[in-house]
Amino acid sequence: FAILLAVLVFFQGRVLYAVIQNRHKTSMLLAQPFALALFLFSGIVTTASCYLLIPSSDVSCILRNPLLLSSLSLSGSALLARAWRIEVLLAPSVLMGGASAIQAATSSGGTNIEVWSRKAKQTLVAALDRLVGCRRQSSFKTRSSQIAPGALRRTVSLSTLVWLIAMLCMPQLLLQVLNLAVEPLREVRSVLSDDRFGISRYECERPAGAWVTWIGAILAMCPYGATMIVCIPTEGMPCIFVEIALFYRSVLISAIVASVSFPGYLMSVTPDARAFLLSAIVLCAPLSLCWFVGRAKLDLVRMGGGTDILREVTRDTGGNSHQGRECEKIASDALSMGAMFTSMGSKEKALDVYDEALSRLRSEDSVREDRDRTGHFTKREIDSFSPEALEGVIKLLVQKGKTLSNINFLDLDYHRRATVTFMEAIDIFGRAPAARKIKDRSIIYPCYSAVYVMNKTRILEDVHMGDRDELVLERKLAERFVRASNLESLSYARALAMQSEVMGRLGKYKLALEAIDVIDMLYAPEEHSEFLVQAYSSDKLAQAISLAAVWKLSDGDEDGAKETCSYVVDQLLPKMFDGGANSYSHVFMSLFATYNGLNWPDGKALSLLELFEQYVIGTFEKTKAKDGRSPCQHLFKPAPMWLRLCAEQECLPYNGMDEDICWVLNDFEPENKSWDALDMIYTNTCWSPNTSVAEICWRLAWRLDAGSEERKKQLVERGLLLVKKCAQNIKCGNKISLVHDHNAAVFKKLRVIADHIGVDVADDYHGNEVTGRLHTSTVQLSKYLIPEAD
């Protein structure tokens, strides 16, 4: 008996070792390796504890129930928590797969058993969500138009998973603690005589009766039953996540083994035979699940690990295809798997899945064609796309671009790759004849917005289509976005926001303000702000309305600019969605530019300082556990410092000035790529962080006494460098007078101090030349600017 248990433990250990060894493989990551390893380890403990079923001493009688039932509960709880985590991470992303997936997920049809099973799963998953303190929108009730991108990025941390497993095991653990602590509940060894056969045998008996064992057995079996309910597949879910068949096989084998062993257990009289048969009953479920689940996941690893899983998922599509349902399935499965990898923090693996899916959607003949190709596809392939295939391709490209942006939005390399991906999606959508048959054109809208913002960093070169000083690419994107979204009010307002900004940057302030008037009629911040943050990463409509102050001031309407600023502070900021610090920072950018242009009337600097700390920094601190980081983080130190210095009229030293000087000269990195990208985006809108830090340098240098010439010199040199960088970051054709005026004013003030202390100043600081460093990241994308399909 002991040898048999040792052999079983050995093979279970081999499976556990293989899972741990391959825990970083793509396929094993999808299988939740921690929960799977915990399930296998508890199964080993269960198998080893079966030796205690032989009543060899009082110790074996006392320990067998706590060890066996606790390990069984741990095993079932690990399986249940694993199934719940997969459901939470994956089920919302199934809705990305297209209309058929949504219809199937939301359908209430089917037999009574199917309806009740869906309701049972929905209730159980919701109960587990409440147990871990999460609020989850059920994929069975949520419409596709209401699915937020944030929901697809939902994470379930390892600590949350461990906590859920602990909570599921808690009733069993409490029962077994009572079993050990209360003497009438403990089992002791006793000798029983059988008068019929004239023999005696050892048995473990409990003075209080066997009810404790039965309660423990029920508690141990509950997680297994709950796991089967949670594993009921959602329609459209990739087949590698559908494990209900594995559980059915395990239940069948367990039922056969238990039905054969239980009569023999009742009739046997020797301790060894009873222990052997009881072990068979106890181990039938853990061993069968270990075999089916563990082997299935290790088989995927042996397939090759990486993106080969996608081939396994789509093996029923019959190879490469870009037609109809086949493409829809490939895209749906890839989006689901990519969203799960992203939720688990493996964004690079998600990119591999998207690239593999895009390559699968190419035809066999076109794989060898290199000419006339737009990114992944040739013109012939694009012309042959069905509406379903085109929709799948666009969704894959959009999600790939978002993933690249989310890895590091301000890293120029990822920035370039994301921009190329979004532009490829725009071009394919414009070229494909099937685009006319797609009813939901909103799938392409995020591309227009993303490319527009990214182009402010000059990652793309403006194409020579007329005067280079006319921001050709931005105007083309805005015009196409307005045409494409003309039938959807909120997206139309977002397109108008882009167009109004382009008009303002070109100095056409009347046209910009006319577009903003339309936006103001369509936009209700209480209803729309949250959706805009989730769809476009920030509330672009609130930003457009706040920019009206900039355009009014640039057009000479100071009273109108003040009135708009008051409206933004009093009416707009309190109603915006408080889940995105980046949205607030863009609105404050307009307020900074306007009030600085008005020379900070009525103590507005201190007022804005309080509001900035409340809305931007406070919101980030409140949401950083979910967001992790935000581009506006770079402003948390310089913006408050700049506002405080602007608020002080007297140029005198102050407490903490040495620390501020130390930050400007030592900690602040003007050559940091993320800071540089942020400055390009803000500068080419209405306000330059570089110029503001340069003004900090001037105000600090002005406060230093005559004995600090060296520090003055360092501050002035740093300020002049930032002024020059701001001038270089202004794109050709940008006619934002507030940025130019602020930068020129700070330069003149720095030059006064420079002349006084003997610092040489070059006269060509204001050149618009692009540095060689930026040229290395530039991408020519003129081929994407082609007429869009009607």
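The values are calculated or read from the model by the stated rules, or taken from the named source; none is laboratory data. What you are looking at is a predicted structure, and each value in this text was computed from that prediction instead of being measured. A quick note on method: Cβ atoms are made from the backbone with ideal geometry, for glycine too, and the neighbour counts reach across all protein chains shown. All accessible areas refer to the heavy atoms of the entire protein, side chains included, with ligands and DNA or RNA removed. Shrake-Rupley method; radii C 1.70, N 1.55, O 1.52, S 1.80 Å.
Quickly run through region 549-567 and pick out the residues that are touching a residue at least 40 places away in the same chain (Cβ under 8 Å) and not aromatic (Phe, Trp, Tyr). Talk me through it step by step, then tell me what you get.
Filtering region 549-567 for residues touching a residue at least 40 places away in the same chain (Cβ under 8 Å) gives 549-555, 558.
The answer is Ala549, Val550, Lys552, Leu553, Ser554, Asp555, Glu558.
For region 752-762, the count of residues that are within 32 Å of the chain's Cα centre (by Cα), modelled with pLDDT under 90 and of a type in the set (Val, Ile, Thr) is zero.
When Arg699 is tested against (1) at pLDDT 90 or above; (2) touching a Gly at 6+ places or on another chain (Cβ under 9 Å); (3) in a helix (DSSP H, G or I), just one condition goes unmet, and that condition is (2). Which residues, taken from region 711-750, are without any contact (Cβ under 8 Å) to a residue 24 or more places away in the chain and farther than 23 Å from Lys552 by Cα? Passing the criteria: only Lys748.
When you look at Phe592, is it farther than 23 Å from Lys712 by Cβ, outside any loop (DSSP other than H, G, I, E, B) and of a type outside the set (Asp, Glu), yes or no? Judged against the criteria, Phe592 is a match.
Tallying residues that are surrounded by fewer than 24 Cβ atoms within 10 Å (Cβ to Cβ), modelled with pLDDT of 90 or more and of a type in the set (A, V, I, L, M, F, W, C) within region 721-737 yields 1. Within region 551-566, not a single residue is in a helix (DSSP H, G or I), of a type in the set (Phe, Trp, Tyr) and more than 23 Å from Ser491 (Cα to Cα).
Applying the set (1) at pLDDT 85 or above; (2) assigned to a helix (DSSP H, G or I) to Gly507 leaves exactly one unmet item: (2).
Take region 577-596 and flag every residue that is open to solvent by 10 Å² or more (accessible area, probe 1.4 Å) and of a type in the set (A, V, I, L, M, F, W, C). The one that is open to solvent by 10 Å² or more (accessible area, probe 1.4 Å) and of a type in the set (A, V, I, L, M, F, W, C): Phe577.
Using the structure shown, decide if Lys748 is at pLDDT below 90, closer than 27 Å to Leu598 by Cα and open to solvent by 80 Å² or more (accessible area, probe 1.4 Å).
Considered against the rule, which asks whether it is at pLDDT below 90, closer than 27 Å to Leu598 by Cα and open to solvent by 80 Å² or more (accessible area, probe 1.4 Å), Lys748 comes out as no.
Applying the selection to region 20-65, what residues are β-branched (Val, Ile, Thr) and modelled with pLDDT of 80 or more?
First, pick out the residues of region 20-65 that are β-branched (Val, Ile, Thr): 20, 26, 44-47, 54, 59, 62.
The answer is Ile20, Ile44, Val45, Thr46, Thr47, Ile62.
I'm trying to understand the selection: among the residues of region 514-542, which are open to solvent by 10 Å² or more (accessible area, probe 1.4 Å) and either on the phi > 0 side of the Ramachandran plot or touching a residue at least 40 places away in the same chain (Cβ under 8 Å) (or both)? Pro525, Glu526, Glu530, Phe531, Val533, Gln534, Ala535, Tyr536, Ser537, Lys540 - these are the residues of region 514-542 that are open to solvent by 10 Å² or more (accessible area, probe 1.4 Å) and either on the phi > 0 side of the Ramachandran plot or touching a residue at least 40 places away in the same chain (Cβ under 8 Å) (or both). Looking at Val420, Val502, Val451, which is the one that is over 21 Å from Leu335 (Cα atoms), at pLDDT 75 or above and within 27 Å of the chain's Cα centre (by Cα)? Exactly one of Val420, Val502, Val451 is over 21 Å from Leu335 (Cα atoms), at pLDDT 75 or above and within 27 Å of the chain's Cα centre (by Cα), namely Val451. Annotation: Asn666 fulfils all but one of (1) open to solvent by 50 Å² or more (accessible area, probe 1.4 Å); (2) assigned to a helix (DSSP H, G or I); (3) in contact with a helix residue (DSSP H, G or I) (Cβ under 7 Å, 6 or more places away or on another chain); the unmet one is (3). Can you find a residue that is in a helix (DSSP H, G or I), aromatic (Phe, Trp, Tyr) and under 13 Å from Pro286 (Cβ atoms) anywhere in region 63-85? No, region 63-85 contains no residue that is in a helix (DSSP H, G or I), aromatic (Phe, Trp, Tyr) and under 13 Å from Pro286 (Cβ atoms). Could you please let me know if Ile244 is surrounded by 20 or more Cβ atoms within 10 Å (Cβ to Cβ) and either aromatic (Phe, Trp, Tyr) or modelled with pLDDT under 75 (or both)? Taking the combined requirement at face value, the residue does not satisfy it.
With open to solvent by 70 Å² or more (accessible area, probe 1.4 Å), within 23 Å of Leu246 (Cβ to Cβ) and at pLDDT 65 or above as the only criterion, which of Cys231, Cys222 stands out? That would be Cys222, the only listed residue that is open to solvent by 70 Å² or more (accessible area, probe 1.4 Å), within 23 Å of Leu246 (Cβ to Cβ) and at pLDDT 65 or above.
Within region 154-171, one or more residues are outside any helix (DSSP H, G or I), at pLDDT below 80 and open to solvent by 70 Å² or more (accessible area, probe 1.4 Å). Scanning region 635-652 for residues that are over 19 Å from Arg718 (Cβ atoms) and open to solvent by 10 Å² or more (accessible area, probe 1.4 Å), we see that the one that is modelled with the highest pLDDT is Phe636.
Given the residues Arg480, Arg494, which is the only one that is more than 19 Å from Val587 (Cα to Cα) and part of a helix (DSSP H, G or I)? Lay out the reasoning, then the answer.
Details: Arg494 fails: more than 19 Å from Val587 (Cα to Cα).
Result: Arg480 is the single residue among Arg480, Arg494 that is more than 19 Å from Val587 (Cα to Cα) and part of a helix (DSSP H, G or I).
Here Asn599 passes the criteria (1) open to solvent by 20 Å² or more (accessible area, probe 1.4 Å); (2) within 14 Å of Val533 (Cα to Cα) except the one numbered (2).
Does Arg311 qualify as being surrounded by fewer than 17 Cβ atoms within 10 Å (Cβ to Cβ), modelled with pLDDT under 75 and over 30 Å from Leu158 (Cα atoms)?
Values: surrounded by fewer than 17 Cβ atoms within 10 Å (Cβ to Cβ): yes; modelled with pLDDT under 75: yes; over 30 Å from Leu158 (Cα atoms): no.
No; evaluated as a whole, the condition is false for this residue.
Here Arg295 fulfils each of the conditions (1) open to solvent by 10 Å² or more (accessible area, probe 1.4 Å); (2) at pLDDT 65 or above; (3) farther than 23 Å from Tyr17 by Cβ apart from (3). For residues that are of a type in the set (Val, Ile, Thr) and either open to solvent by 10 Å² or more (accessible area, probe 1.4 Å) or touching a Cys at 6+ places or on another chain (Cβ under 9 Å) (or both), scanning just region 87-130, find the one that is modelled with the highest pLDDT. Selected residue: Thr123.
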